[in-house]
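Asker: Have a look at the structure that comes next, please.
Only the coordinates and a few stated rules stand behind these numbers; no lab work does. In this text the structure is predicted, and so the values were computed from the model without any measurement. Cβ: placed from backbone, ideal geometry, glycine included. Neighbour counts: every protein chain shown.
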């Protein structure tokens, strides 16, 4: 699927996808995050989207499944703070990590970021998208992307310092 | 003479970019500059977290190919700006000038005026021929011809 088709066929159903997400996840913020996550997922797999007869229906299904997964995950996600708590108690699988290398630590820190922040930081810092481009793909304002990007980067720094000097 | 800095940018500039980086305000290009700065050896210890973070992302960048909405329009815009910049550069730096009576003139209009004036003073090919023809009067021509004929008699 070309960029033009993505823009023409996916972005117009954004409101519909938000509605689905909102029904499952309830909160405005969670629903908005979920929709952005789904849109970025669809963007990254747009090459294979052309094979679906009804892209809108496919996007709807992806959104529904994604939100249901999020709901399940929400119930058993351990936050970074929990991990630190474990760390202090001495019984934690990441203790060895510190001795391995900074790469492993950073990989873990990024994996533990909220999914949307993870995707955005990857797109900006690895795939080298500009904030404006990510905003266009997700149908949001650049400022909204910046907020998540900023949170992700600050969190990575903060956690890195904790892990290496804490 | 070129001033050589020890680092690829000043610490002040780097600190500014790092601050903007954490606010999500830096462009891809600015982050590349920052990456260059942070990849240098012997940086002060305070840059250690950023060195680690940028060092972590760097090798991953090479494995990623991406297409984007704005990239090509961006390239096109850059080219266009480049073309204009070249024209501007030409206009401003390679300006035309002429020497009139040993005096340098850079004003285009004045140069044109002087150039036109000097062209008008130049005899063209046609006027030269006409002038010569006028000088050789028809009477003389006939006499010359007659003399030639008489010589054969």
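Asker: Could you please tell me the mean projected area of the C-alpha convex hull for segment A:1-77, averaged over all directions and given in square nanometres to one decimal? Intermediate values should be presented prior to the final figure.
Answerer: Details: hull surface 19.3 nm².
Taking a quarter of the hull surface, the average projection is 4.8 nm².
Asker: Run the simple label-point estimate for residue B:8 and residue A:112 please: 7 Å along Cα→C-beta, distance reported in nm.
Answerer: 3.1 nm
Asker: Okay, moving on. Please report the base-10 log of the normalised intensity I(q)/I(0) for segment B:11-61, using a Debye sum with one equal scatterer per alpha carbon and no solvent, at each q in 0.16, 0.17, 0.30 (1/Å).
Answerer: Values, matching the q order: -0.40, -0.46, -1.42.
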